[in-house]
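Below: one structure, written as structure tokens.
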Amino acid sequence: MKSISTDIIYIGTDDLSIDLFEGQYKVPQGVSYNSYLILDEKTAILDTVDSRKAEEWLAKLETALDGRIPDYLVVHHLEPDHSSVIAAVAEKYPSMTIVAGAKALAMIPQFFENLSLEGRTMAMKEGQVLELGKHSLKFVSAPMVHWPEVMVSFDESDGTLYSADGFGKFGALSECGFYSSEDKDWDSEARRYYCNIVGKYGAPVQALLKKASSLPIKRICPLHGPIIDSDFGHYISLYDKWSRYEPETEGVLIAYASMHGGTEAAALKLSEMLREKGVETVEFDLCRCDLSAVLAEAFRYPKIVLAAASYDNYIFTPMYNFIHLLQIKGLCDRKVGLIENGSWAPCAGRLMKEMLGQMKNMEVVEPMVTLHSRIHKADLDKLAELAQAMA
Ligand code: FEO
């Protein structure tokens, strides 16, 4: 529990023991489920937390309320990492009104079948204001950032944007800092969070940024990660870039999926050739690394090389999974070089081209390099041509 101002208290919880966030993302520094309490003439709880932290959160809430009864529970986002304690808190405080967008209110029974909220809900529309006394929360619809029911709210009294998943970050607050100004490396885990959680929804994020651009923001309180308290231009410009799928840097990302080392050797040789030309490269072994991290790097770099073995007359599975990930996250506007390998019937290149052809503006750079088992002398010339074309 921590005071953000005289009447706003942070009542969120860190989760350092979760193995996989959303059942798939490794979070070596944990994750925070942020929740806030505004103590004004009226009291408002802003979002709850994941069920893993229900008891801890309920205890914090009770302490922070210090005997008061909450008037409102604001639900910005209904995903269970923020809404799992709705039923428990609604039952504990039967006079409390649930405030959310109409879509969220309609979805609540999907998660809490036996919870009756009849006469206890307030459906907020775009621009509608919840008056708390000194504080007033203006609601702004943010569909698909990250679910369709999401609304963010802006406190006109102190310039606080309650941004739901927007501007969130992996990492518990005890690990990365309570405020962004204390966080030594916000960008990398915020990027991995953004690309994997919200990456598909670039256009909705752009729409929200456009709405937010007219707000006099002095603080951003997301549902994960540190509170952003300064240097707003930095964070907003990163969100602008990510949601336009615009690379952040120069250089080439080289991702390879190799069964017996031949494909890996070619990928690393190409990387060496590029570096000799002064091009920055990063290499990822897709068989062994965390795909969520490679996806984030694919958002960073303008050029990508994919090197894959052929397998069962298809693309070797780790590479297939990676390209599929790029597809579903909507990555676009990249130049892509291809290396395929096959001991008797290489087919990975043709199939990777097909997958890239289903994406928006992914330009395949020629020549594609075809290996037969290992790099041979003639292949070095082709690799050099590809390096030249990528550089
Ligand atoms: Fe942190 Fe989309 O929930």
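Every number here is computed from the coordinates shown, using simple stated rules; none is lab data. Just so it is clear, the model here is predicted, and its values are computed rather than measured. Reconstructed Cβ throughout: ideal geometry from the backbone, glycine too, with neighbour counts over all protein chains shown.
Per the Kirkwood formula applied to alpha carbons, segment 246-308 shows a radius of gyration over Rh ratio, Rg over Rh, of 0.96.
Translational diffusion of segment 30-113 was estimated from the Stokes-Einstein equation, with Rh taken as the Kirkwood radius over Cα pairs; at 25 °C and 0.890 mPa s the coefficient is 191 µm²/s. Over all Cα pairs of the chain, how is the pair count split among 20 Å bins, expressed in % and running from 0 up to the last occupied bin? Histogram of Cα-Cα distances, whole percents per bin: 27, 46, 22, 4. Using every Cα-Cα pair within segment 252-391, state what percent have a distance larger than 27 Å. Percent of Cα pairs beyond 27 Å in segment 252-391: 9.
As a calculated quantity, the FRET efficiency between residue 389 and residue 17 at R0 = 51 Å, using C-beta atoms, amounts to about 0.60.
Counting only DSSP beta bridges with both residues in segment 278-342, the antiparallel share comes to about 20 percent. Taking a point 7 angstrom from the Cα of residue 373 along the C-beta vector, which residues in segment 296-329 have backbone N less than 17 Å away? Output list for this probe position: 309-311.
The trypsin sites (Lys or Arg not before Pro) found in segment 265-337 that occupy coil by DSSP, while having at most 14 further C-beta atoms within 10 Å, are 277, 288. Normalised Debye scattering of segment 154-274 at q = 0.16, 0.20 Å⁻¹ gives log10 I(q)/I(0) of -0.80, -1.08, counting only Cα atoms as equal scatterers and leaving out solvent. By DSSP, the beta bridges lying fully in the chain are antiparallel in about 45 percent of cases.
Distances between every pair of Cα atoms in segment 93-225, grouped in 10 Å steps from 0 to the bin holding the largest one, split as 11, 36, 36, 16, 1 percent. When you filter the trypsin sites (Lys or Arg not before Pro) in segment 153-242 for DSSP loop state and at most 14 other Cβ atoms inside 10 Å of their Cβ, you are left with 184, 218.
For segment 206-276, GluC sites (Glu not before Pro) meeting the loop criterion (DSSP other than H, G, I, E, B) and having at most 13 other Cβ atoms within 10 Å: 250. The slack in the chain from residue 116 to residue 156, taken as 0.36 nm per residue of separation less the alpha-carbon distance, amounts to 11.2 nm.
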